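Asker: The following block contains the structure, expressed as structure tokens.
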Amino acid sequence: MKTKSKLALIPIFITAISLSSCSFWDIFGTRLKSIDISDISKAYILGDVFDDKNQLSITGTYSNGETKTLAYSEVTVNLSYQNPGETITVDSNKPFTVANRYQLTVSVNNVTSNTLTINVLEHHIYASSITLNGATAMNAWSEVELTTTVNPINYTAPISYRASNSNLVELTPTERGVKVYGVSGGEVDIIARIASSESTYIEATHHLTISSSINVTTMSQNYKDYTEDNYYRISSCPTNGDVKLLVIPVWLSDSAKYMSIYKKDEVREDIAKAYFGSEKETGWHSVSSFYRYESGGLLNLSGTVSNWYSSSLSAKEVGAYNTKETCAVIKEATNWYFANNPTDSRSNYDFDGDGYLDGVVLIYAAPDYSASSYLSEYENLWAYCFWIQEAASIENPVPNVFFWASYDFMYGKETAFVRTGNSYSNGDTSRCSIDAHTYIHEMGHVFGLDDYYDYGGYKYRPCGGFSMQDSNVGGHDPFSLLAFGWANAYIPTSSIDIKLRNFDTSHQVILLTPEWNSYNSPFDEYLLLEFYTNDGVNKFDTEQAYCGSYPQGPQTKAGGIRLWHVDSRLIRLNDSTVRFYNNCQVGRVTLAFTNTYYKNESDIDYVTPLFNVDSKYADYNLLQLIRNDHFATYRPTGNIYTSDLFYDNDTFDMYAFSSQFVNGPYLNSGKSLGFSFKVKEISTDSSGEKYATISIIKD
């Protein structure tokens, strides 16, 4: 997966002038006349350093009447205090040693500002009261600023702000108080909190009524519900809460051929870091830190990395295994762990109490088959997720969903020999110390997700490559996060302008559908709009191609709209006729479609189970990137490009983009979408946060 310009004389002219004793402003008749400083809103205490803690606003006025904000680094700071009969000058780079009232000015080229007075106290002054003042009503997609008043006015304790319902508003602290951005309609309290002593706090509450013609919708069903009600006896790891994995390194009978026995402890430590380490330890992300970030803190993934489990199997023996035989190894290793660790309970690894261990991971000490010519025909030496599919046990939870992979996915050629004593590698550590990309992708399967690439030789790229469940790079697509319960959707029923924040951090999406299901289930057919940026988990794999050849994220600094067609409808395999469901709790369900296109008999296991009913169903994708290209088709062959996103003034309607849908201007269901959209604006607000405003037009 992977003419000279006459203007050129001007710099010479300016350089010659700069050699004289005149300033640029003097020569051209414009120079700095005055400096105004304001906004010192903080009291200082002994030991503080002014340069570290100042909150100066510095404005210069020039002889032509123009004003300019001056950076703190452009000015010289003058600090002093009065003793009887003398003025004591203080170095702003050093801690305050005298409690007093200080006089503050700044200067540039002999122009000195007005004077401010600041207080340096012996100790903190705490608040005796706090109030929030401002509007009591607002509209969604707008902002209001609430002003905070604290007594005494020379307090030094910081103020924190929170909302009683974080789904309704976004809060940005300001110098005067807090800016409130309305995300959705409803009633919400804004709470300001400040210390009133070293151990107690006081609060102020301000009630806001937010009006909106569209509210955010939270999914009531997710992948956990889907696997619990699946046609097959499968399970998935919970995506919310404190979830614990069991990770078992496996030492094969001939592992010493591939890894130095003296490096076993180091590799085991690296496995622990790859799964549960900090970003500092890995240089990018571990499995745990990646999903903690993507979930917005809703998932706290931890676990145990056991000692090495010794297997009597050789690499070639286990490499020739099928998935059923690998299931036996998983059960043996799991039983070994609990037999040798009697103080650790199986229930510790069954957070949802369904009788299955939430996730078992075996990392074998042999290279994957693609990294070794000696093992090249042993395809079980790969990375995959599978299910044991045996009965659950509430009293004694057993393994079901598991992940099987080589240690070599953690290492690139830069680190493999040093860390393992051999040079087998299938990762990329050119910019990090431990590579968790493959483990993160496979964890997506443990949570219940399908692969989003085409199993039939990767000829087609329905998702464009840059998505974690597609090519192991970037963040997850919005459908996956919606179905994890980590994203919320705006589902318009009429024409409306909607302001989207960066999806990476806000997890806001617009969901367009002719008719939304009554279950708030993500298992339906619809279009999703996300405001994509190269921030967060997308940044690393956008700046440089993973392994030098994998797809990179769109090269857009401002961001753009990424549009997806989702058809995650469900079927029941025991139905006598084809019937689609969006409520997974009807039981015995499975996804109707995949992202694999049928081309020969060997592919049939991976196409839709409806293929034998009608071969057209093989062209219906579970998830497809809709590219900003009127000539693209529903069988796209290339990776995502920057031009595939929608930018300012770009528009979409089903007729103009009909070639990307199997049924032309209609959805797979045969229904008309009933909506079009225009990207009204992509910009950055006063706090530096990116956003996009989308005009949704009801047909």
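Asker: Quick one: Glu414 ticks every box in (1) of a type in the set (Asp, Glu); (2) under 28 Å from Glu228 (Cβ atoms); (3) at pLDDT below 95 bar one, so which box is it?
Answerer: With (1) of a type in the set (Asp, Glu); (2) under 28 Å from Glu228 (Cβ atoms); (3) at pLDDT below 95 applied to Glu414, the lone miss is (2).
Asker: Count, please, the residues in region 301-330 that happen to be surrounded by 16 or more Cβ atoms within 10 Å (Cβ to Cβ) and either within 34 Å of the chain's Cα centre (by Cα) or modelled with pLDDT under 95 (or both).
Answerer: Number of matching residues: 9.
Asker: Among Tyr452, Tyr458, which is the only one that is closer than 24 Å to Ala436 by Cα, of a type outside the set (Val, Ile, Thr) and in contact with a Cys (Cβ under 8 Å, 6 or more places away or on another chain)? Give the derivation first.
Answerer: Values: Tyr458 fails: in contact with a Cys (Cβ under 8 Å, 6 or more places away or on another chain).
Result: Tyr452 is the single residue among Tyr452, Tyr458 that is closer than 24 Å to Ala436 by Cα, of a type outside the set (Val, Ile, Thr) and in contact with a Cys (Cβ under 8 Å, 6 or more places away or on another chain).
Asker: A follow-up question, please. Can you name the residue in region 594-636 that is at pLDDT 95 or above, crowded, with 20+ Cβ neighbours inside 10 Å and of a type in the set (A, V, I, L, M, F, W, C) and is also farthest from Ile234 (Cα to Cα) among such residues?
Answerer: This residue is Ile626.
Asker: If a residue counts only when it is among the polar types (S, T, N, Q) and within 20 Å of Asn400 (Cα to Cα), which helices (runs of 4 or more DSSP H) contained entirely in region 259-369 have at least 3 such residues?
Answerer: 323-340
Quick grid of which residues meet (1) under 23 Å from Asp477 (Cβ atoms); (2) hydroxyl-bearing (Ser, Thr, Tyr):
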{"residue": "Phe611", "(1), (2)": "no, no"}
{"residue": "Asp619", "(1), (2)": "yes, no"}
{"residue": "Thr633", "(1), (2)": "yes, yes"}
{"residue": "Asn639", "(1), (2)": "yes, no"}
{"residue": "Ser643", "(1), (2)": "yes, yes"}
{"residue": "Ser659", "(1), (2)": "yes, yes"}
{"residue": "Leu673", "(1), (2)": "yes, no"}
{"residue": "Thr684", "(1), (2)": "no, yes"}
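Here is a yes/no grid of residues against (1) more than 18 Å from Leu299 (Cα to Cα); (2) surrounded by fewer than 24 Cβ atoms within 10 Å (Cβ to Cβ); (3) of a type in the set (A, V, I, L, M):
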| site | (1), (2), (3) |
| --- | --- |
| Tyr453 | yes, yes, no |
| Gly465 | yes, no, no |
| Asn472 | yes, no, no |
| Asp477 | no, no, no |
| Ser480 | no, no, no |
| Phe484 | no, no, no |
| Ala487 | no, no, yes |
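Asker: Testing Phe540 on (1) over 23 Å from the mean Cα position of the chain (by Cα); (2) aromatic (Phe, Trp, Tyr); (3) over 24 Å from Asn621 (Cα atoms), one condition comes back false. Which one is that?
Answerer: The single condition Phe540 does not satisfy is (1).
Asker: In the set Gly186, Gly182, which member is in contact with a Phe, Trp or Tyr (Cβ under 8 Å, 6 or more places away or on another chain) and under 27 Å from Leu512 (Cβ atoms)? Steps first, please.
Answerer: Numbers: Gly186 fails: in contact with a Phe, Trp or Tyr (Cβ under 8 Å, 6 or more places away or on another chain).
On inspection, the qualifying residue turns out to be Gly182.
Asker: Yes or no: region 233-241 includes at least one residue that is more than 30 Å from Ala592 (Cβ to Cβ) and among the basic types (Lys, Arg).
Answerer: Filtering region 233-241 for residues more than 30 Å from Ala592 (Cβ to Cβ) gives none.
No; the residues of region 233-241 include none that is more than 30 Å from Ala592 (Cβ to Cβ) and among the basic types (Lys, Arg).
Asker: Continuing with the same structure: If only one of Asn639, Asn668 is under 15 Å from His565 (Cβ atoms) and assigned to a loop (DSSP other than H, G, I, E, B), which one is it? If you could, list the steps in order and put the result at the bottom.
Answerer: On the way: Asn639 fails: under 15 Å from His565 (Cβ atoms).
After applying the criteria, what remains is Asn668.
Asker: Right, next: Looking at region 429-444, which of its residues are crowded, with 22+ Cβ neighbours inside 10 Å and over 18 Å from the mean Cα position of the chain (by Cα)?
Answerer: Within region 429-444, Ile434 is the sole residue that qualifies.
Asker: So in region 27-68, with the set limited to residues that are in contact with an Asp or Glu (Cβ under 9 Å, 6 or more places away or on another chain), modelled with pLDDT of 85 or more and hydroxyl-bearing (Ser, Thr, Tyr), which one is surrounded by the fewest Cβ atoms within 10 Å (Cβ to Cβ)?
Answerer: Thr67
Asker: Is it fair to say Phe24 is modelled with pLDDT under 50 and either within 48 Å of the chain's Cα centre (by Cα) or at positive phi (or both)?
Answerer: Numbers: modelled with pLDDT under 50: yes; either within 48 Å of the chain's Cα centre (by Cα) or at positive phi (or both): yes.
So Phe24 passes the test.
Asker: Using beta carbons and a limit of 9 Å, which pairs, at least six apart or on different chains, have the first residue in region 650-668 and under 9 Å from His630 (Cα atoms) and among the aromatic types (Phe, Trp, Tyr) and the second one modelled with pLDDT of 95 or more and in a loop (DSSP other than H, G, I, E, B)?
Answerer: Between residues of region 650-668 that are under 9 Å from His630 (Cα atoms) and among the aromatic types (Phe, Trp, Tyr) and residues that are modelled with pLDDT of 95 or more and in a loop (DSSP other than H, G, I, E, B), the close pairs are Phe657/Arg627; Phe657/Asn628; Phe657/Asp629; Phe657/His630; Phe657/Ala632; Phe657/Pro665.
Asker: Please state which one of Thr105, Thr149, Thr172, Thr131 is in a strand (DSSP E or B), within 30 Å of Ser34 (Cβ to Cβ) and not acidic (Asp, Glu).
Answerer: Answer to the check: Thr105.
Asker: Since Ser160 meets every condition but one in (1) surrounded by 14 or more Cβ atoms within 10 Å (Cβ to Cβ); (2) farther than 30 Å from Leu46 by Cβ; (3) within 33 Å of the chain's Cα centre (by Cα); (4) modelled with pLDDT of 90 or more, which condition does it not meet?
Answerer: Of everything listed in (1) surrounded by 14 or more Cβ atoms within 10 Å (Cβ to Cβ); (2) farther than 30 Å from Leu46 by Cβ; (3) within 33 Å of the chain's Cα centre (by Cα); (4) modelled with pLDDT of 90 or more, Ser160 misses just condition (2).
Asker: Please pick out the residue among Leu357, Leu381 that is crowded, with 20+ Cβ neighbours inside 10 Å, at pLDDT 95 or above and either farther than 28 Å from Asp254 by Cα or not assigned by TED's automatic domain parsing to the domain that holds Leu245 (or both). Step through it out loud before you land on a result.
Answerer: Numbers: Leu381 fails: either farther than 28 Å from Asp254 by Cα or not assigned by TED's automatic domain parsing to the domain that holds Leu245 (or both).
Just a single option satisfies the conditions, and that option is Leu357.
Asker: If you scan region 225-243, which residues turn out to be touching an Asp or Glu at 6+ places or on another chain (Cβ under 7 Å) and closer than 18 Å to Leu298 by Cβ?
Answerer: Cys237, Pro238, Val243
Asker: Only residues that are touching a Gly at 6+ places or on another chain (Cβ under 6 Å) and over 30 Å from Pro95 (Cα atoms): list them for region 146-168, please. Walk me through it before giving the result.
Answerer: Going residue by residue through region 146-168, those that are touching a Gly at 6+ places or on another chain (Cβ under 6 Å) are 146-148, 168.
Correct list: Leu146, Thr147, Leu168.
Asker: Tell me, yes or no, whether region 118-131 has at least one residue that is surrounded by 17 or more Cβ atoms within 10 Å (Cβ to Cβ), in contact with a Ser or Thr (Cβ under 6 Å, 6 or more places away or on another chain) and among the aromatic types (Phe, Trp, Tyr).
Answerer: Yes, that holds for at least one residue.
The values are calculated or read from the model by the stated rules, or taken from the named source; none is laboratory data. Since the structure is predicted, the reported quantities are computational estimates derived from the model, not experimental observations. Positions of Cβ are backbone-derived with ideal geometry, glycine not excepted, and every protein chain shown enters the neighbour counts.
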